[in-house]
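The structure under discussion appears below in the form of structure tokens.
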Amino acid sequence: MERTSCRDCNLILITVDTLRPDHMGLYGYRRDTTPHLSRFFGLASVFKKAISPAPCTVPAVKQMLSGSLLAGGTRLAEVLKANRYQTAAVVSQQLFHAFAKSDQYARGFDRWDIQEPTEVDRYGMSQRTAAEVTARALHWLGKRDRSKKFFLWLHYFDPHDPYQPPEAFRFYGPGAATSARGDRRGLLQQAEKPAWLPWQRAGAIFSSEQTSQFLALYDGEIRYVDEQIGRLLRNLSDLDLLSSSVVVLTADHGERLGEDNTWDHCLSLHERELRVPLAVSVAGARLGRRDTDAPVSTLDVYPTVLDLLGLGYEPDGIDGRTLLKRWPGRVVCSIFSSEVMVRRGEWKLYAHNSRRGYLPTKLVDLAGRLDEETNLLRDRPRIRGELMRELANSLQQMQAVSESTSETVKQLKALGYI
């Protein structure tokens, strides 16, 4: 069944930090890491090539909530609040504190529920678990004004390193692992390496067995979050809310998991850091009139839900596109620091912001893969030229985003995050 509107619906936005779709059963992964999500979104729209506008939480979430690369304008929660929705956010992410100037994340939320600044681990990472996020969300749902529609945003942090799922979710590896074995960040930071080499790229210190253990623990974190989202969905069903709600699942960014001896994110615009899940359920049905194999962006969440809810939006003020329509030849972009990525279909062009403007550095043909080893910049001049013209059409905006994310990188480094 397909639906193109849900005018009297609630909105539930679920984001999971550092979640790679190719490690989700929902996307065909060999381990059944997401049984609850697979079951719930089985009849929904699951987009296979969704990307984040940035490989790091701070810009990516602001951009998603505004539908804009510049992360300006009215936030999604502000639009819904102005239309008499109750708005609440239950989130787990320490950086929402560190980068909370001008309420960049909390704007428009009647209830902003986040862990205290002191609730962090040795790396300054959030300690609010998936179980607590779900429990707090269910508590708010029980106390909400039932005469009004609502927008509820939940952000789960658990798949982020260190990989320390509860003991009950350590069943993917060769026996239960100690929590210390999931602390690949600490081991990388302590590794002997050349002075010029960032700790994230010192992955060669790990044996294949250690790498396999990290992956098993990462998968266990995903399975744990899936369990808690399943708990949320069961309660929503018991409250008879799923038949009157739009439910969106996505992530802020991906993660490097040891490929090329590299771990972490906030490093590049590679597919492993940008590719995210994106699934939309419209009162238990899928979106109408949309090819789920085409590249899309998490910027599209903003216009899509407003379109579904019949609230409208100003297309000139955002970069996202409603997923209720087809956009032949659609170009999607991601930016981080001095680099920009422009993608159309399976073609992906990298360009670097230099004193002479943006200069192309790499052209890859993804063809459904995450492999970006072969540079076709010289071999495909027509494609390179077409994508550079797409970039030139929004050059002024790209420059502004580049300057903004460069400043973000400096702040993240100062915090020890990257």
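The values are calculated or read from the model by the stated rules, or taken from the named source; none is laboratory data. Keep in mind it's a predicted model, so treat the numbers as computed, not measured. Every residue, glycine as well, gets a Cβ built from its backbone with ideal geometry; the counts of neighbours run over all protein chains shown.
Of note:
- Scanning region 91-125 for residues that are basic (Lys, Arg) and in a helix (DSSP H, G or I) yields one hit, 101.
- Selection of region 135-163 for residues being in contact with an Asp or Glu (Cβ under 9 Å, 6 or more places away or on another chain), under 17 Å from residue 15 (Cβ atoms) and not aromatic (Phe, Trp, Tyr) yields 136, 137, 155, 158, 159, 160.
- Scanning region 373-384 finds no residues that are assigned by TED's automatic domain parsing to the domain that holds residue 64, out of contact with any His (no Cβ under 8 Å at 6 or more places or on another chain), hydroxyl-bearing (Ser, Thr, Tyr) and assigned to a loop (DSSP other than H, G, I, E, B).
- Single match in 146, 84, 128 (criterion: part of a loop (DSSP other than H, G, I, E, B), among the basic types (Lys, Arg) and in contact with a Ser or Thr (Cβ under 9 Å, 6 or more places away or on another chain)): 128
- Residue match in region 115-131 (condition: of a type outside the set (Gly, Ala, Ser) and at positive phi): no
- Only one of the listed residues (238, 252) is among the charged types (D, E, K, R), in the same structural domain as residue 128 (by TED's automatic domain parsing) and surrounded by 15 or more Cβ atoms within 10 Å (Cβ to Cβ). That residue is 252.
- Scanning region 270-288 for residues that are of a type outside the set (Asp, Glu), surrounded by fewer than 24 Cβ atoms within 10 Å (Cβ to Cβ) and either at positive phi or not in a strand (DSSP E or B) (or both) yields a total of 5.
- Of the candidates 46, 120, the single residue that is β-branched (Val, Ile, Thr) and under 28 Å from residue 289 (Cβ atoms) is 46.
- Residue in region 251-266 that is closer than 20 Å to residue 342 by Cβ and charged (D, E, K, R) present: no
- Taking the numbered list (1) crowded, with 23+ Cβ neighbours inside 10 Å; (2) in a helix (DSSP H, G or I); (3) in contact with a helix residue (DSSP H, G or I) (Cβ under 6 Å, 6 or more places away or on another chain) in turn, residue 33 passes all entries but (2).
- Selection status of residue 301, within 19 Å of residue 254 (Cα to Cα) and modelled with pLDDT under 95: no
- The one condition from (1) of a type in the set (Ser, Thr, Tyr); (2) crowded, with 24+ Cβ neighbours inside 10 Å; (3) not assigned by TED's automatic domain parsing to the domain that holds residue 83 that residue 338 does not meet is (2).
- Looking at 309, 299, just one residue is touching an Asp or Glu at 6+ places or on another chain (Cβ under 8 Å), crowded, with 19+ Cβ neighbours inside 10 Å, assigned by TED's automatic domain parsing to the domain that holds residue 273 and of a type in the set (A, V, I, L, M), and that residue is 299.
- The listed residue being at pLDDT 95 or above and either surrounded by fewer than 20 Cβ atoms within 10 Å (Cβ to Cβ) or closer than 25 Å to residue 264 by Cβ (or both), out of 117, 53: 53
- Residue match in region 40-50 (condition: surrounded by 17 or more Cβ atoms within 10 Å (Cβ to Cβ) and either more than 20 Å from the chain's Cα centre (by Cα) or part of a helix (DSSP H, G or I) (or both)): yes
- Selected residue (only one of 217, 236 is in a helix (DSSP H, G or I) and either farther than 19 Å from residue 20 by Cα or without any contact (Cβ under 8 Å) to a residue 24 or more places away in the chain (or both)): 236
- For residue 329: the one exception among (1) of a type outside the set (A, V, I, L, M); (2) free of Cβ contacts under 8 Å to residues at least 40 places away in the same chain; (3) touching a helix residue (DSSP H, G or I) at 6+ places or on another chain (Cβ under 9 Å): (3)
- Meets criteria (part of a loop (DSSP other than H, G, I, E, B) and of a type outside the set (Asp, Glu)) for residue 363: no
- On inspection, residue 211 does not qualify as part of a helix (DSSP H, G or I) and surrounded by 20 or more Cβ atoms within 10 Å (Cβ to Cβ).
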